[in-house]
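For reference, the structure discussed in these notes is given below.
The values are calculated or read from the model by the stated rules, or taken from the named source; none is laboratory data. In this text the structure is predicted, and so the values were computed from the model without any measurement. Methodologically, a virtual Cβ is constructed for each residue, glycine included, from the backbone with ideal geometry; neighbour enumeration extends over all protein chains shown. Note: areas computed on protein heavy atoms with side chains; ligands, DNA, RNA excluded. Shrake-Rupley method; radii C 1.70, N 1.55, O 1.52, S 1.80 Å.
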Amino acid sequence: MSSSSPPKFNYINSFVDTSFFATLADLKLNKLKLDSSRIRIKGYSSHPNILTKFNDSPIINFDYSSFDSAEHSDHGNNIDWYGYIYNTNTIEEFKNIDKQKMLRKWGEEILENIQQLDSTEDYASFNQVFALTFSDLKKFKFYYWFAFPSIHSPWIQVGEVNHVSPEVQSMIRYEVSNTAFKQFFQLTNDYQLVSGKLHPNFNTFAFVDICNNQNLTTSSQLKNYLYFLALRDFKSINIISYKADGPSVQFQLKLADNFNKNELPKIQGWERSAHGKLGPKLADVGALSDPKRLAEQAVDLNLRLMKWRIAPELNLDDIKKKKVLLLGAGTLGSYVSRTLLGWGVRNFTFVDNGRVSYSNPVRQPLYFFKDCYAENGKGEWKALQAAKALKEIFPDVQAKGEIMEIPMIGHPVDSSDGNAKESFARLCSLFETHDVVFLLTDSRESRWLPTVLGQSYNKTVINAALGFDSYLVMRHGNVQKEDFDAQRLGCYYCSDVVAPEDSLSDRTLDQMCTVTRPGVASIASSLAVELYVSLIQRASFETSKGQSSSLFDEVPHQIRGFLHNFSSMKLHNLNYKHCSACSHAVLSNFRESGWDFVKNCMNDTKYLEDICGLSQVQREAEMASQSALNDLSLDELGLDDNEDFSEWIS
Amino acid sequence: MEYELTNTRFNQYLLAFNKHLLETTVLDSSDSHPGDKQSQSLFSFTNSTVKTVAQEKKYVLNQIKVRHPESPNRSLLVTFTISYDDFFTCPVFYFRIFEEVEIENETKSRALLTIEDMDESFQHLLGIHSEIRKFTNISFDSHHMSPTSDIWMYLHPCDTKDVMRSFKMFHRNTSEEQQVLDYFTLWYNTFGMGALFPRLCLRIKPTALS
């Protein structure tokens with residue numbers, strides 16, 4: 001190969017590991033803050049001894065260790081390159097800063113440095129690294145542009161490029177392998193490599209390359225050594241470009257006449273893109289650094305593992321996108337929401353009208369002691385605090401709280417209906433905007449209206465209720481989804497022959513539903529969530545009945561559990577045509593009269609019993625028992641008519 | 001050699017294996033023969049370094065760049081390390097995936113945390129399909145060799161030793177070096193790149209299969 005043109009070079013590329021940005025972010029937050037003065041950094045390139053032919057272009061690596069002040073951290077493997085980073089405070093500053101001027105300043109620093117030197121021993125003075133950065137710490141985006149300034153001197157390559165002899169190759173290899181790293185040597189006439197003070201009579205130099213480019217080109221780091229030689233009045237030189245595991249070559253360079261050491265030289269060195277263009281880089285490492293996104297991904301990953309490994313048919317997106325309405329933010333509400341979080345549910349609304357009391361935190365895992373005396377000792381609103389707690393557990397959650405009393409049957413409303421009517425309207429709109437409703441309140445009567453609304457708005461309704469040492473978990477049949485009403489599953493009220501009424505007034509402490517064995521709530525809550533997930537993972541809602549099966553096998557209608565003997569049973573009962581909540585009579589009255597119907601029911605449970613037919617049933621039952629009693633004639637007992645037994649019979 | 005790899009042997013042969021890795025990695029395109037020129041030209045190693053941290057813990061870091069088959073300005077960067085896990089006493093594969101795009105004068109890279117986020121062309125090219133995902137246990141954590149908290153994905157080494165044992169391939173009269181290199185190769189194809197991107201695999205030398 002023969003030529004008489006300027007030599008060609010391989011330009012340096014940076015490789016920036018995310019740990020570089022992580023350390024920079026940490027420095028920025030905790031040390032630099034708005035200080036934009038430069039900080040010392042270092043990068044490393046592989047030691048020539050371990051380069052392979054795949055180290056095709058010169059690369060300087062930057063990672064967390066770039067900010068270490070310790071020098072030469074990894075002797076055998078790597079060579080350190082030193083310099084500075086300028087971290088700007090705004091993206092505008094990063095964009096608008098005069099890059100040409102900046103590079104010139106950096107280049108002149110190197111220039112001043114090497115003007116003082118009389119040998120090439122200190123490789124680090126010849127090639128420095130600089131970086132201009134902007135760190136967007138909110139989005140974990142890092143704008144950066146590295147520069148490896150090289151000072152131009154007008155050398156012309158003349159003659160051929162030759163491979164070096166094996167002797168020279170092994171001599172340099174020996175030097176590189178056995179002494180502290182030096183990059184540039186002078187070769188004496190008796191073939192000694194020296195790196196001390198330059199000798200004006202020897203004009204062959206060996207440059208140790210940090211890449212093994214197979215195209216015989218040398219990395220641009222040579223340029224600053226060439227400038228140094230030009231300054232030191234060398235006019236014609238031989239360069240050995242040593243590549244440890246590649247084709248080391250030798251070529252001759254002549255300095256052009258127009259070189260003037262008093263003129264400021266041209267300086268180049270901003271890193272180019274893969275396509276050779278000048279421009280900065282942007283690393284979006286949010287996925288690797290933003291704790292919120294990490295939590296989000298990790299939660300999803302855990303679930304996906306279940307899908308990939310155990311249940312390939314599992315539709316996780318379907319679970320994730322469902323909006324869940326939790327009526328009650330007490331013990332059941334806390335546990336149900338936490339278990340739903342585990343399933344990847346993201347969207348929650350809590351409805352509750354109470355505040356956190358001192359007895360709550362030990363049983364209700366969304367609350368803490370401090371919540372009991374917040375707001376001047378009144379305690380936090382449970383609905384709001386529960387939503388806040390879920391977001392603290394998992395920031396990706398959309399949770400809100402509604403402070404509101406659910407209108408309860410048997411609890412009469414005053415003539416103005418004010419609050420109750422408003423609550424009714426809000427509850428209706430909540431039903432409309434959610435996909436599934438969990439009934440988790442602490443009384444029977446507060447579940448009546450939600451049961452009616454669940455049917456009317458065609459929502460999945462899961463119900464969990466506790467006794468002292470027993471629980472009931474069930475799903476309500478859905479009147480709009482079943483083709484054959486005779487097959488429709490029942491609701492919470494389908495086994496009752498009376499309409500629900502006020503059970504709260506005059507209730508003694510031991511009758512409160514919170515007087516339960518503490519484990520009952522979490523057992524029931526877990527079952528409620530698992531029942532729900534099994535239910536929505538069914539292949540087809542319409543065709544499955546009672547003990548229908550899902551991806552996870554069976555989907556029972558009801559589970560009743562008893563802690564006194566640690567047993568549970570699955571029950572299955574169909575709807576009751578006179579049910580006070582899900583019968584057609586109730587639902588059609590609700591459809592026609594809405595709030596007026598609800599109000600009438602609240603004020604007088606007899607009204608509801610008349611509508612749904614329970615009054616009639618009760619009458620019939622009474623007649624039946626009367627007739628049974630009549631059949632049980634006293635005559636047949638063979639007793640004397642005169643004796644009066646009526647007192648103990650009644 | 002026993003079926004286990006000690007940290008000392010790992011350190012001793014890591015660079016030799018990495019050289020083998022750089023030399024023999026192929027992109028096995030589904031539509032053509034392994035090592036076919038067209039698919040080969042779509043990937044290259046863009047970095048390879050080795051680092052030693054405290055207590056003689058040595059690891060390599062490589063980066064493979066896979067060019068988008070249709071769009072020359074887009075590429076997928078797969079950065080990975082091979083290091084030694086002291087608890088499970090076996091090698092462990094940490095990796096990161098970035099999509100890089102060069103627009104005008106700016107090069108943008110974005111870290112991806114799920115395979116689903118990858119452009120479909122890359123998924124197709126690298127042979128990702130649901131069956132593979134099922135068996136690949138990808139975990140997230142900071143890198144065990146790095147003091148910083150930024151996240152890497154890694155293939156959890158809990159099964160590595162048992163599976164490597166089951167390969168029963170080390171009872172031959174080959175040199176220790178060859179045995180360790182065979183171990184590394186099988187490990188890399190099973191618990192390294194082979195588990196992640198099965199088409200970006202090492203060509204196994206016939207000796208390892210005999």
Do you know which residues across the range B:69-88 are part of a strand (DSSP E or B), open to solvent by 20 Å² or more (accessible area, probe 1.4 Å) and of a type in the set (Phe, Trp, Tyr)?
none
Restricting to the range B:48-58, what's the tally of residues that are assigned to a strand (DSSP E or B) and more than 10 Å from chain A (Cβ to nearest Cβ)?
1
Among all residue pairs at least 6 apart or on different chains, which show Cβ distances below 6 Å where the first residue, located in the range A:391-403, is in the same structural domain as residue A:354 (by the TED database) and the second is among the β-branched types (Val, Ile, Thr) and surrounded by 15 or more Cβ atoms within 10 Å (Cβ to Cβ)?
A:391/A:397; A:400/A:349; A:402/A:351
Subset of the range A:174-213 (residues that are in contact with a Lys or Arg (Cβ under 6 Å, 6 or more places away or on another chain) and open to solvent by 10 Å² or more (accessible area, probe 1.4 Å))
A:195, A:198
If only one of A:110, A:60 is surrounded by 21 or more Cβ atoms within 10 Å (Cβ to Cβ) and either without any contact (Cβ under 8 Å) to a residue 24 or more places away in the chain or more than 11 Å from chain B (Cβ to nearest Cβ) (or both), which one is it?
A:110
Output the residue which, of all residues in the range B:89-114 that are open to solvent by less than 20 Å² (accessible area, probe 1.4 Å) and at pLDDT below 85, is farthest from the other protein chains (Cβ to nearest Cβ).
B:114
The range A:382-421, residues that are more than 18 Å from residue A:349 (Cα to Cα) and open to solvent by 80 Å² or more (accessible area, probe 1.4 Å):
A:412, A:414, A:415, A:416, A:419, A:421
If we scan the range A:450-459, do we find a residue that is open to solvent by 40 Å² or more (accessible area, probe 1.4 Å), touching a residue at least 60 places away in the same chain (Cβ under 8 Å) and assigned to a loop (DSSP other than H, G, I, E, B)?
no
Selection status of residue A:132, on the phi < 0 side of the Ramachandran plot, modelled with pLDDT of 95 or more and in a helix (DSSP H, G or I):
no
The lone condition residue B:143 fails out of (1) surrounded by fewer than 21 Cβ atoms within 10 Å (Cβ to Cβ); (2) more than 14 Å from the chain's Cα centre (by Cα); (3) modelled with pLDDT of 90 or more; (4) within 10 Å of chain A (Cβ to nearest Cβ) is (1)
Is it the case that some residue within the range A:314-332 is modelled with pLDDT under 90, open to solvent by 10 Å² or more (accessible area, probe 1.4 Å) and within 11 Å of another protein chain (Cβ to nearest Cβ)?
no
Only one of (1) at pLDDT below 90; (2) within 30 Å of residue A:473 (Cα to Cα) is not met by residue A:649, so which one is it?
(2)
Residues that are among the polar types (S, T, N, Q) and free of Cβ contacts under 8 Å to residues at least 60 places away in the same chain, drawn from the range A:617-632:
A:625, A:626, A:627, A:630
Has the range A:310-323 got at least one residue that is outside any helix (DSSP H, G or I) and without any contact (Cβ under 8 Å) to a residue 12 or more places away in the chain?
yes
Criterion first (within 26 Å of residue B:10 (Cβ to Cβ), surrounded by 15 or more Cβ atoms within 10 Å (Cβ to Cβ), modelled with pLDDT under 85 and of a type in the set (A, V, I, L, M)) does residue B:138 satisfy it?
yes
Looking at this structure, is residue B:61 surrounded by 21 or more Cβ atoms within 10 Å (Cβ to Cβ), more than 9 Å from every other protein chain (Cβ to nearest Cβ), at negative phi and assigned to a strand (DSSP E or B)?
no
All but one of (1) farther than 14 Å from residue A:455 by Cβ; (2) of a type in the set (S, T, N, Q); (3) exposed (fewer than 14 other Cβ atoms within 10 Å of the Cβ) hold for residue A:588, so report the exception by its number.
(1)
By residue number, the members of the range A:18-45 that are open to solvent by less than 20 Å² (accessible area, probe 1.4 Å), farther than 30 Å from residue A:239 by Cα and within 14 Å of chain B (Cβ to nearest Cβ) are A:18, A:19, A:20, A:21, A:24, A:25
Give the range A:422-449 a look and list any residue that's farther than 16 Å from residue A:597 by Cβ and open to solvent by 40 Å² or more (accessible area, probe 1.4 Å), or say none.
A:422, A:426, A:429, A:432, A:433, A:435, A:442, A:444
Could you name every one of the strands (runs of 3 or more DSSP E) located completely within the range A:208-295 that has at least 3 residues being more than 14 Å from chain B (Cβ to nearest Cβ) and in contact with a helix residue (DSSP H, G or I) (Cβ under 9 Å, 6 or more places away or on another chain)?
A:236-242, A:249-255, A:267-270
